[in-house]
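Data first, discussion second: the structure below is written as structure tokens.
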Amino acid sequence: MQEDFLTKIRSAYNQFTKAEKKVADYILQNPDQVLFMSISDLAETCKVGDTSVFRFCKTMNVKGYQEFKMTLSLSMRGNGKDSKEGEGGNVSLKDDNIAELAGKVLEETIDSIKETHSLLDFNKVTEAMNALSKAKRILFFGVGASMLTAMKAMNKFHRIEPKVYCSEMVSQQLMSAATMERGDVAVIFSYSGATRDIVEIAKLAKESGATVVSITRFQKSELTEYTDILLLSGANVGSLQKGSTSAEISQLFLVDIMYTEYYRRHYEYCNQILEKTTVAIKDRN
């Protein structure tokens, strides 16, 4: 199956210039129409110059506009895309009733998981799992909403592996990152990859010699500059859905994959630990 090119555009979105974002926005909203437009037609519709469309193609690592359209066409055909898909759209300020709103939230949640799955680089996932398996310690990091994901990941892994750690306080996360050692692994959650504290945590972990695994939305960001293994998660949040759980759900989908693979690789050991931890908390669940 061809890689979903629209998903690739979304994951590269923060790399675009202002003009390139206009081109990307139109393509994401009208992929079928773009296939029949010349470069001048697209540029005029987006109110940018032809050179901005060329720059957009270059950013997306295609040689020119014709190759871009061919790649987009093959991607849409390979993934079964059609013009009716995604008609749900973002939640409306006034027009949606509760049933329509619920349907759109459901669609957004399902799409975030599907998009995360389509972004999976299984070589990178294997590389991450090899690092976790060999690690002396595994530290989970996150700030804000991503901190909740980091805590959930730690709690999940701690049932089968005692070498995992996570702190809720940013100051303690910074100290933990600074005192990591070679052989440790830092697993960092961040939607934007641009939060100042999380970038500093990644920098400190990297400088300490730890392996940095980042789970984030965008292919390139300040966070990825200090990342050894990058895992992308997909979630696009509308203006009325800030704080929605779609980003967290897409991150937790990756956590589930990593947890299940870790358990499978070390089944005998993890099963013994799970029996002990289950007994320890049996009266508190």
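The values are calculated or read from the model by the stated rules, or taken from the named source; none is laboratory data. Since this is a predicted model, take the numbers as computed values, not measurements. Cβ atoms come from the backbone with ideal geometry, glycine included; neighbour counts cover every protein chain shown. Please note that ligands, DNA and RNA were not included when accessible areas were found on the heavy atoms of the full protein model with its side chains. Shrake-Rupley method; radii C 1.70, N 1.55, O 1.52, S 1.80 Å.
What to note about this one:
- Contour excess over end-to-end distance, with Cα ends at MET175 and THR260 and 0.36 nm allotted per residue: 27.6 nm
- Between TYR267 and LEU35, the contour length at 0.36 nm per residue exceeds the alpha carbon distance by 78.6 nm.
- Accessible surface of region 109-174 [probe 1.4 Å, protein heavy atoms]: carbon and sulfur percent: 58 percent
- Dividing the summed helix terms, -39500 (n - 2.57) for each DSSP H run of n ≥ 4, by the number of residues in the chain produces a 222 nm estimate of -17500 deg cm²/dmol to the nearest 500.
- Length gained when the stretch LYS136-LEU28 is fully extended (0.36 nm per residue, less Cα-Cα span): 34.5 nm
- Each other residue within a Cβ distance under 14 Å of GLN251 adds +1 if Lys or Arg and -1 if Asp or Glu, for a net charge of 0.
- Between region 1-76 and region 104-168, the alpha-carbon center distance in angstrom: 31 Å
- FRET efficiency for LEU74 and GLU225, using Cβ-Cβ distance with R0 set to 25 Å, rounded to 0.05: 0.20
- Which labelled figure in [x] 17.5; [y] 15.3; [z] 14.2 is mean projected area of the Cα convex hull in nm², once derived from the coordinates: [x]
- Residue list for region 249-267, given a label point 7 angstrom along the Cα-to-Cβ vector of GLU275 and an amide N cut-off under 19 Å: 263-267
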